[in-house]
Amino acid sequence: MGAGGQKDTSATWTNWSGNQTTRPDRIEQPQDLDALRHVVTEGVGPIRVVGAGHSFTPVAATEGTLLKLDGLGLVHSVDKSARRAWVNAGARLKYLSPELERHGLAFRNLGDINEQSLAGAILTATHGTGAELPCLSADITGLKFMTASGEMMTVARGANSNVFDAARVSLGALGVLVEAEVQLVDSYRLHRKTWAEPLDALIGHAMSRWTTRRNYEFFYIPFSGYGINISHEETKAAPTPRPEQDDDEAVLGLKRARDYAEGDVKGRREYLKAAFENFEGEDVVGNSWELLSSQRNILFNEMEYHLPPKKALTVLSDVIALIEKKRPDVFFPIEVRRTAGDNLWLSPFNGGGRVSIAVHAYHEDEYDFFYSDIEPIFRKAGGRPHWGKLHSLNYRALSDLYPDFVTFCKIRNELDPHGRFLSPYLADLFGVKGTA
Ligand SMILES: Cc1cc2nc3c(=O)[nH]c(=O)nc-3n(C[C@H](O)[C@H](O)[C@H](O)COP(=O)(O)OP(=O)(O)OC[C@H]3O[C@@H](n4cnc5c(N)ncnc54)[C@H](O)[C@@H]3O)c2cc1C
């Protein structure tokens with residue numbers, strides 16, 4: 001182990017929701033590039049990096065060496081006129097945003113939380129919502145990563161362009177992401193409004209709201225007939241005080257409604273309908289990064305598919321009908337968002353914008369129905385799964401969904417011919433037999 005590294009030979013690793021656990025041979029936290037190179041070239045494989053461990057699939061898991069890179073700093077350099085910054089890819093979004101704000105800059109968009117590492121978010125095409133706003137990976141203008149041979153490789157538009165298009169969404173299969181250059185915007189404030197509405201109004205207005213609002217999404221509450229709209233518009237207005245967030249308490253309230261109903265779907269619907277008719281929404285102004293991201297402390301598991309917009313709202317109706325017919329145990333809201341298209345090879349948004357539908361199950365509840373009942377609906381409509389969320393697809397299905405999938409696999413094989421970064425899970429995704 002090189003200078004400054006720490007190792008832990010006895011740890012078990014578990015992801016955020018607790019549905020993935022492994023016992024790595026080593027967990028290492030290299031403090032510089034020499035220490036990282038030593039682990040990458042000499043450590044027990046497969047070598048995997050974990051960010052915040054917020055993926056629901058075993059993408060980060062390994063029984064070899066697990067690396068953590070959040071100790072390598074925050075913002076390295078800022079080009080204020082181009083609004084770009086090179087940052088530690090392992091840094092958490094929640095620490096990068098306030099640091100970037102000190103330079104008058106901000107991420108163009110963020111997802112529902114900002115706990116993730118930048119690398120984890122980029123590599124799985126993490127997205128927020130907004131018909132004109134792409135996933136985070138599409139705002140990356142350069143990457144520096146360490147390949148399996150220990151070489152540092154810099155990629156950008158015009159510098160190893162093919163690898164750049166492959167690497168931005170690549171699940172860490174091409175190497176260890178050390179630094180990323182992000183295209184930012186001037187820091188901005190948002191006007192946030194939330195309000196409740198019956199399902200037919202949510203579905204009826206969704207497409208026009210995506211067209212006219214900067215960020216728009218809604219959460220449908222199963223067994224209620226109601227959902228909550230969330231809209232953000234850019235504003236120059238002064239910040240206003242924001243009441244304390246009670247999303248966790250609201251989710252626990254939905255759980256209590258499920259538990260008390262004891263399968264009485266009609267009674268549960270009436271109770272929830274009354275609650276949503278009295279819903280008091282938010283109407284506040286604040287910093288973009290503080291309003292876009294929420295706190296999620298009630299653990300859940302999740303499947304999210306990205307769908308062609310024309311089919312998405314029919315798919316949503318089918319998913320709701322299925323859940324309300326067969327799954328009275330479900331109480332978590334169903335989240336519906338829209339993301340702009342891009343041209344990154346493995347981005348689910350490659351080739352055109354998509355509407356994303358996410359279903360959740362409380363962490364103590366079983367979620368096999370995601371695979372047996374929900375995923376077939378998503379797949380039939382041509383959906384592509386979120387790379388960090390639950391799905392059952394492997395090489396064969398994925399190569400049908402992504403025009404550049406096979407080319408991606410070739411580049412992966414050239415950069416990592418001995419599969420140093422290939423866990424059994426990734427080998428299955430990328431159609432490789434045998435791992436390091
Ligand atoms: C509560 C919650 C809310 C979420 N909200 C959203 C949302 O709004 N939008 C959305 O799109 N997704 C969302 N997600 C999913 C989440 O954004 C992704 O799963 C993301 O990958 C998690 O980032 P992470 O830092 O935890 O990465 P991890 O899960 O730790 O890792 C993800 C992948 O990146 C690799 N990796 C991480 N760091 C590096 C590195 N430095 N070099 C090489 N490989 C690396 C890992 O090996 C793994 O393959 C949410 C998840 C949770 C639990």
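The values are calculated or read from the model by the stated rules, or taken from the named source; none is laboratory data. Not measured: the values here are computed from a predicted model. Reconstructed Cβ throughout: ideal geometry from the backbone, glycine too, with neighbour counts over all protein chains shown. Accessible surface is based on the protein model in full, side chains and every heavy atom, while ligands, DNA and RNA are left aside. Shrake-Rupley method; radii C 1.70, N 1.55, O 1.52, S 1.80 Å.
Sorting 291-297, 417-423 by their mean Cβ neighbour count within 10 Å, with the most densely packed peptide first, gives 417-423, 291-297.
Net charge in the neighbourhood of residue 389 (other residues with Cβ under 10 Å of its Cβ; Lys, Arg +1, Asp, Glu -1) is -2. For the pair residue 195/residue 212, report the inter-label distance in nm, with labels modelled 7 Å from Cα in the Cβ direction. Output for this residue pair reads 1.1 nm. Could you identify which residue out of 204, 175, 286 has the top mean-square fluctuation in a GNM of the chain using Cα springs shorter than 10 Å? Comparing 204, 175, 286 in a Gaussian network model of the chain, the most mobile one is 204.
Comparing 104, 120, 341 in a Gaussian network model of the chain where C-alpha atoms under 10 Å apart are linked, the largest mean-square fluctuation is found at 104. By the scheme Lys and Arg +1, Asp and Glu -1, what is the net charge of all other residues having a beta-carbon under 13 Å from that of residue 425? Around residue 425, the charge tally is -1. Highest mobility in the GNM of the chain, judged by mean-square fluctuation with C-alpha springs under 10 Å and restricted to 270, 28, 375, is found for 270. Fully extending the segment from residue 240 to residue 294, taken as 0.36 nm per residue of separation minus the present Cα-Cα distance, adds 17.7 nm. Counting protein heavy atoms only, the chain has 48 percent of its accessible area on carbon and sulfur, 1.4 angstrom probe. Taking 0.36 nm per residue of separation and subtracting the current Cα-Cα distance, fully stretching the chain between residue 373 and residue 392 would add 5.6 nm.
Sorting 83-92, 322-331 by their mean Cβ neighbour count within 10 Å, with the most densely packed peptide first, gives 83-92, 322-331.
Taking packing as the residue-averaged number of other Cβ atoms within 10 angstrom, the listed peptides 347-356, 148-157 run from highest to lowest as 347-356, 148-157. Let me check I've understood the local charge: for residue 210, count other residues with C-beta under 12 angstrom from its C-beta, Lys and Arg +1, Asp and Glu -1. What total comes out? Surrounding charge for residue 210 is +4.
Solvent exposure of the chain, expressed per residue, is 41 Å² of accessible area, with all protein chains present and a 1.4 angstrom probe.
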